Amino acid sequence: MKKLILIAALLAVAVSVWIAATNANTTATVETTAAAVAELPGLKVGDKAPDFKLKNIDGTMVSLADYKDAKGYIVIFTCNTCPYAVAYEDRIQALHAKYSQKGYPVVAIQPNDPEVQPGDALDKMKQRAEEKGFTFAYLLDEGQKIYPVYGASRTPEVYLLDTDLTVRYTGAIDDNYQDAEAVKVNYVKAAIKAMEAGQQPDPSFTKAIGCTIKTKKK
């Protein structure tokens, strides 16, 4: 009988130790995951974005500081070759046509490596801009130095900045890449409306839907 009691006690201790170890591992996993999310590279809402000086399709070097009267900036990482980006071309032009007059110009940046994606070379960018009648700056991220700092991973992907270059919204342009007529929420327009009212955009973050940025394999 005493042996049975002793065995039962030992089993109880073993189970307690196992549960404690499991809980500790689970807690550590959760904390590690949360830390990993917090440490993701790139800009978050509330961060100050760096300015840049990149080559435009007309050969000039363009920076955000060149827009002297801007109240904010619609920075969009986009390209020629991604079907998602192509689907948004007219909508990007429409954003610039409407909001540049209100102090929020579109500044588009092509982040793909032209050696990997030849259709996104500067001459092809210029050709596409002429075909589509782009009136916004269409810049090449030569050497792919800017998109990693911003944290862009897709084309198209938006970073809406205020006049101090603080990120106020980041993510998708709207909620329907397939059909512009079926859009229910244009996130960029809603974010600018909130900014104009002195409010924080809500949502301030959405998941960008598009193609991955093309780089050389390492």
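Taken together, the values in this text are just the output of simple stated rules run on the coordinates, not laboratory data. Just so it is clear, the model here is predicted, and its values are computed rather than measured. Glycine gets a Cβ as well: all are built from the backbone with ideal geometry, and neighbour counts include every protein chain shown.
A few notes on this one:
- Lys/Arg +1, Asp/Glu -1 at C-beta; the range 94-172 dipole; positive extreme among His96, Pro111, Ser153: His96
- Cα-centred dipole magnitude for the range 97-181, charges only on beta-carbon of K, R (+1) and D, E (-1), debye, nearest 20: 240
- Cα-Cα over 30 Å, subset of Lys68/Lys217; Lys53/Lys98; Lys44/Lys68; Lys44/Lys193; Lys44/Lys132; Lys102/Lys217: Lys68/Lys217; Lys44/Lys132; Lys102/Lys217
- Efficiency of FRET between Glu130 and Asp179 - r from beta-carbon atoms, R0 25 angstrom, step 0.05: 0.45
- Compared with the direct C-alpha span, the chain from Lys71 to Asp123 gains 15.6 nm at full extension, assuming 0.36 nm per residue.
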